[in-house]
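J.: Sending over a structure as structure tokens; questions will come in a sec.
The values are calculated or read from the model by the stated rules, or taken from the named source; none is laboratory data. These numbers were taken from a predicted model, which means no experiment stands behind them. Counting neighbours? That spans all protein chains shown, and the Cβs are built from the backbone with ideal geometry, glycine included.
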Amino acid sequence: MASTSLAPTPSSIHFSIHSALRNEGGRKPITQFPRISLKWRRNPSAAASLHGVAGGRGEEGGGDALNGSNNGVKAVELIGVSDVTHAEISSNDSQTLPRPLSVSDVANSVDGSRLRVAYQGLPGAYSEAAAAKAYPNCEAVPCELFETAFDAVERWLVDRAVLPIENSLGGSIHRNYDLLLRHKLHIVGEVKYAVRHCLLANRGVKKENLKRVLSHPQALAQCEHNLTKLGVIREAVDDTAGAAKFVALNKLQDTGAVASSLAAEIYGLDILARDIQDDSDNVTRFLMLAREPIIPSTGKPFKTSIVFSLEEGPGMLFKALAVFAMRDINLTKIESRPCRKKPFRVIDDICTIPLKYFNYLFYVDFEASMADPNAQNALRHLKEFATFLRVLGSYPMDVTEA
């Protein structure tokens, strides 16, 4: 694996680039631009990084809730080490941005004056805006990984977490489905957030000066038409706010970023164009997570999320879904994920050789409160033949405009 240096580079930052091309089964890569992974490592006294947790950083989703498959994307990893403070990046020197939280951080107590809410990504990420919509006036706490946000709630470092679960264009964020099962947190609400992309650049840079644009892979894909008209090279990074920070930190004059207007404000960048997404119907649904469940009611629309597994056999999934259909309970989401602890099941038939089947878990959202006897009876019925059943949360539906 080749290693080279990127020039020009500020003296305070050292970069190493590692390239790898993954093209499974000889299929043509879905996207044509390289993926750059930005890993910001501060000096050890400031923060401890968490790497190699549950399959790696930002797996299946990244920091902006713009999840989608990246199979076949050329992988380029850019590792930056910098001691530059946030104040040197921001246009407002009085601002001090919170650093991403890692699970190795130790908190003496939780500040009771404001609700502390964890989100994954850097300040200026869409997840931060979603946290502010879910909990106005909260103290938003950035985390390096989805896993870190889960751990932060469980360890009482924060009070809540707001994390993406699905996007109207990119689909499900599979990583967070797996973490919901691994951890013991409860879903206490949901919030929908409309993603509006902006083209950002340093002060004085014009659109015609741009030769390349950085952002999360899904952000680049969602702005493909407008970026193609610009004729720029698209380079994928881990999150939109990270792209904005990289452009600002290095004072790049030929490089822009696709990110939020909040990221432009935080990192002192100009907004060259607003709403550059090709499809205006770009909405991400976030889950609000807490250590304790809320008490469900029937006074307003509720949604309940569950996960279950079934025995192998004809019609088993049909039978499971029928417990809701026969009670007129509407399903809004169904997702299957591999059962990691037991990925295979073997059916031993004396007349044939043993058959090996993939073992799956089914995540289902349905429109009903657990305070409703109808919903209780449906789950009681499902439990009669499900091999595993867990209620992840029963919570108010977000019926507001994204």
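J.: Could you tell me which residue of segment 297-315 is surrounded by the most Cβ atoms within 10 Å (Cβ to Cβ), considering only residues that are under 26 Å from Arg182 (Cα atoms) and charged (D, E, K, R)?
T.: The selected residue is Lys303.
J.: Still on this structure, please answer the following. May I ask you to list the residues in segment 152-183 that are assigned to a loop (DSSP other than H, G, I, E, B) and in contact with an Asp or Glu (Cβ under 7 Å, 6 or more places away or on another chain)?
T.: Of everything in segment 152-183, those that are assigned to a loop (DSSP other than H, G, I, E, B) and in contact with an Asp or Glu (Cβ under 7 Å, 6 or more places away or on another chain) turn out to be Leu157, Ser168, Leu169, Ile173, His183.
J.: Is segment 267-289 home to any residue that is free of Cβ contacts under 8 Å to residues at least 12 places away in the same chain and assigned by TED's automatic domain parsing to the domain that holds Arg203?
T.: Yes, there is a match, as at least one residue in segment 267-289 is free of Cβ contacts under 8 Å to residues at least 12 places away in the same chain and assigned by TED's automatic domain parsing to the domain that holds Arg203.
J.: Can you pull out the residues in segment 302-335 that are in a loop (DSSP other than H, G, I, E, B) and either among the aromatic types (Phe, Trp, Tyr) or modelled with pLDDT of 95 or more (or both)?
T.: The answer is Met326, Arg327, Asp328, Ile329, Asn330.
J.: Restricting to segment 366-402, give me the number of residues that are charged (D, E, K, R), farther than 20 Å from Lys300 by Cβ and in contact (Cβ under 8 Å) with a residue 40 or more places away in the chain.
T.: The number of residues fulfilling the criteria is 1.
J.: Anything in segment 250-292 that is assigned to a loop (DSSP other than H, G, I, E, B), polar (S, T, N, Q) and under 20 Å from Leu210 (Cα atoms)? List them, or say none.
T.: Of everything in segment 250-292, those that are assigned to a loop (DSSP other than H, G, I, E, B), polar (S, T, N, Q) and under 20 Å from Leu210 (Cα atoms) turn out to be Asn250, Gln253, Ser260, Gln277.
J.: So which of Arg160, Arg175, Arg182, Arg155 is more than 14 Å from the chain's Cα centre (by Cα), at pLDDT below 95 and assigned by TED's automatic domain parsing to the domain that holds Val117?
T.: That would be Arg182, the only listed residue that is more than 14 Å from the chain's Cα centre (by Cα), at pLDDT below 95 and assigned by TED's automatic domain parsing to the domain that holds Val117.
J.: Then there is this: Just to be sure I understand the filter: pairs with C-beta atoms under 7 Å, separated by 6 or more residues or on different chains, first member in segment 119-148 and within 21 Å of Ala248 (Cβ to Cβ) and in contact (Cβ under 8 Å) with a residue 12 or more places away in the chain, second member buried (at least 22 other Cβ atoms within 10 Å of the Cβ) and among the basic types (Lys, Arg). Which pairs pass?
T.: Correct list of pairs: Leu122/Lys245.
J.: Now, a different point. Do any strands (runs of 3 or more DSSP E) entirely within segment 187-249 hold 1 or more residues that are in contact (Cβ under 8 Å) with a residue 60 or more places away in the chain, more than 19 Å from Arg274 (Cβ to Cβ) and out of contact with any Asp or Glu (no Cβ under 6 Å at 6 or more places or on another chain), and if so, which?
T.: Where strands (runs of 3 or more DSSP E) fall fully within segment 187-249 and carry at least 1 residues being in contact (Cβ under 8 Å) with a residue 60 or more places away in the chain, more than 19 Å from Arg274 (Cβ to Cβ) and out of contact with any Asp or Glu (no Cβ under 6 Å at 6 or more places or on another chain), they are 233-236.
J.: Of everything in segment 163-172 that's of a type in the set (A, V, I, L, M, F, W, C) and within 11 Å of the chain's Cα centre (by Cα), which residue is surrounded by the fewest Cβ atoms within 10 Å (Cβ to Cβ)?
T.: Ile165
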